[in-house]
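Every number in this text was worked out from the coordinates using simple rules, so none of it is lab data. Computed from a predicted structure; not experimentally measured. Quick reminder, even Gly has a Cβ in these numbers, built from the backbone with ideal geometry, and neighbours come from all protein chains shown.
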Amino acid sequence: MSDSIPRQLQKIIDFYEGLPDDEKREALINEAAQAEQYAPQEGEVFDLQEVRKDNECSDTVGIYVTAINNDTIQFKISLGENVQTLTRALSVILCKGLKDCSAEKITNLPESFVPRIVGSELYRLRSRTIYYTLRRLKEAVQKLAD
């Protein structure tokens, strides 16, 4: 396990690396189906929220960040209905795997873990869009830290 990968995210990576491609795709679809659980709820207050549509994504994505005791980060994500399944799945994985991490750990997270989760076939097909949520999350955390 790399020191730059948070423990919870590493557990998720290990799970996906152990799956054959067809089971990996099915697991990613199941992750994507959980996206609503990680959406902001009415009345929640966030230290930073950015909702926008960029050219890299098929619909609007909202990143909602809360700093806990100026030590760790929690976040939620809202996804428009046209956001692709893989982006949804990776958003859920990031919500699970980066919960309660430090801002520094998140902003320094290497992108190299993503193909380890999605596998080479999906990586090749979707390489332009699979990093979108991770980049947005890092941007938001950096803005909050600044």
**Q.** Within the range 1-83: Cβ-based charge dipole about Cα centre, in debye rounded to nearest 20 (Lys, Arg +1; Asp, Glu -1)
**A.** 160
Q | Relative contact order (%) - the chain, alpha-carbon pairs under 8 angstrom, separation at least six | A | 31
Q: Taking DSSP loops as anything outside H, G, I, E and B, show the longest stretch in the chain free of trypsin sites (Lys or Arg not before Pro) there with at most 14 other beta carbons within 10 Å.
A: 54-127
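About its Cα centre, what dipole magnitude does the range 6-146 give when the only charges are +1 on Lys and Arg Cβ and -1 on Asp and Glu Cβ, stated in debye to the nearest 20? Before the final figure, lay out the partial values.
Working: 19 positive and 23 negative charges, 59 e Å.
The dipole magnitude comes to about 280 debye.
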Q: Tell me which residues come under 5 Å, amide H to amide H, from residue 19 once H is placed; ignore anything under 5 positions away on its chain.
A: none
Q.
Distances longer than 17 Å among the Cα atoms of the range 1-72: what percent of all pairs is that?
A. 66
Q. Under a no-solvent Debye model with one identical scatterer per Cα of the range 37-117, what's log10 I(q)/I(0) at q = 0.17, 0.21, 0.23 Å⁻¹?
A. -0.73, -1.10, -1.27
**Q.** the chain: angle of helix 132-145 to the longest principal axis, Cα-based, in degrees nearest 10
**A.** 20
Q. Per-residue ellipticity at 222 nm for the chain, helices alone: DSSP H runs ≥ 4 residues times -39500 (n - 2.57), over residue total, nearest 500 deg cm²/dmol?
A. -14000 deg cm²/dmol
Q.
Could you derive backbone 3J(HN,Hα) for the range 76-89 from the dihedral phi with the Karplus parameters 6.51, -1.76 and 1.60 (θ = phi - 60°), listing whole Hz in sequence and x where the residue is Gly or Pro?
A. 10, 9, 10, 10, x, 5, 9, 5, 5, 4, 5, 5, 4, 4
(Q) Explain nothing, just compute: Karplus ³J(HN,Hα) = 6.51 cos²θ - 1.76 cosθ + 1.60, θ = phi - 60°, for every residue of the range 31-42 in order, whole Hz, x for Gly and Pro. (A) 4, 4, 5, 8, 4, 4, 5, 10, 7, x, 9, 4
Q. So how compact is the range 74-118: Cα radius of gyration and Dmax in angstrom?
A. 11.4, 31
Q: Quick one: among 109, 94, 19, which has the greatest mean-square fluctuation in a GNM of the chain with alpha-carbon springs under 10 angstrom?
A: 19
Q: Convert 37 °C to kelvin, take the viscosity as 0.692 mPa s, use the Kirkwood radius over C-alpha pairs of the chain as Rh, and evaluate the Stokes-Einstein diffusion coefficient in µm²/s, rounded to a whole number.
A: 214
